[in-house]
Amino acid sequence: MVWPIVCRRLEGLPNLNATQLFEELCIQFPGRFTPKQYKTLLRRVNLWRRDARARGVVIGPKTYRRLSDKPRGRRPDIFKEHWDEMVQSLEERPDQTALELLIEFQVRYPGRYSLRQLHTLQRRVMAWRREAVQRLICEMNNQTQDVSASRAALS
């Protein structure tokens, strides 16, 4: 029933977002559509776009509107300020867990860190351990090469 309306709207604005179309239909026909019907509309709109391209209609790239005006991106590094101290602590006691390290720094800096940051610290500690293993492997290779070079020089 509403597909001809959707087709006319798409002919006029082929880059129109399916979400915007669905919202317009919900406003025009209150109570007629449920959110579960959005996927069906999206599928039909994508088919219409494919057929329209075949007919020669120029359709630009999909654009998505931002749902909020909040700036997007990553949060600042919460451990940046004390990471050098944490690394020093890990080098002194490499077998300590991230939880033990977090508790130690909660005591050192009250109110600065919470248990919610444990997962982030676990990932950072895991990356530090990977790098430490790589450093050990490189040192072992260098020592092996030095020993073999000195043996070759003695021979």
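The values are calculated or read from the model by the stated rules, or taken from the named source; none is laboratory data. The shown structure was predicted, so the numbers you read here are calculated from the model rather than taken from an experiment. Here the Cβ positions follow ideal geometry from the backbone for every residue, glycine too, while neighbour counts run over all protein chains shown. Note: accessible area is taken over every heavy atom of the protein model, side chains too, but ligands, DNA and RNA are not part of it. Shrake-Rupley method; radii C 1.70, N 1.55, O 1.52, S 1.80 Å.
Here are some notes:
- Residues of segment 112-136 with an amide N closer than 13 Å to a point placed 7 Å from the Cα of residue 99 along the Cα-to-Cβ direction: 115-116, 118-119, 122.
- Relative contact order [Cα under 8 Å, 6+ residues apart], the chain, whole percent: 15 percent
- A Förster radius of 35 Å, combined with the Cβ-Cβ distance separating residue 77 from residue 17, puts the computed FRET efficiency at roughly 0.50.
- Think of the chain as a dipole: +1 on every Lys or Arg Cβ, -1 on every Asp or Glu Cβ, centred on the Cα centre; then among 107, 1, 26, 1 lies furthest on the positive end.
- Scalar couplings 3J(HN,Hα) for segment 126-136, obtained by applying the Karplus form with A = 6.51, B = -1.76, C = 1.60 to θ = phi - 60°, are 4, 5, 4, 5, 4, 5, 5, 5, 4, 4, 4 Hz; x denotes Gly and Pro.
- Structure-based [θ]222 nm, the chain - -39500 (n - 2.57) summed over DSSP H runs of at least 4, per residue, nearest 500: -21000 deg cm²/dmol
- Distance histogram for the chain (every C-alpha pair counted, 5 angstrom bins, percent rounded to whole numbers): 1, 7, 11, 11, 7, 6, 5, 5, 6, 8, 10, 8, 6, 3, 2, 2, 1, 0, 0
- With the simple spin-label model, which puts each label point 7 Å out from Cα in the Cβ direction, the residue 92 to residue 131 separation comes to 1.9 nm.
- Exposure rank, largest accessible area first [29, 79; 1.4 Å]: 29, 79
- Once the chain from residue 53 to residue 39 is taken as fully extended at 0.36 nm per residue, the excess over their C-alpha distance is 2.9 nm.
- Between residue 28 and residue 123, the contour length at 0.36 nm per residue exceeds the Cα-Cα span by 29.3 nm.
- Taking Cα atoms only, the orientation of helix 98-108 departs from the longest principal axis of the chain by about 80 degrees.
- For segment 1-136, size of Cβ-based charge dipole, Lys and Arg +1, Asp and Glu -1, in debye: 1120 debye
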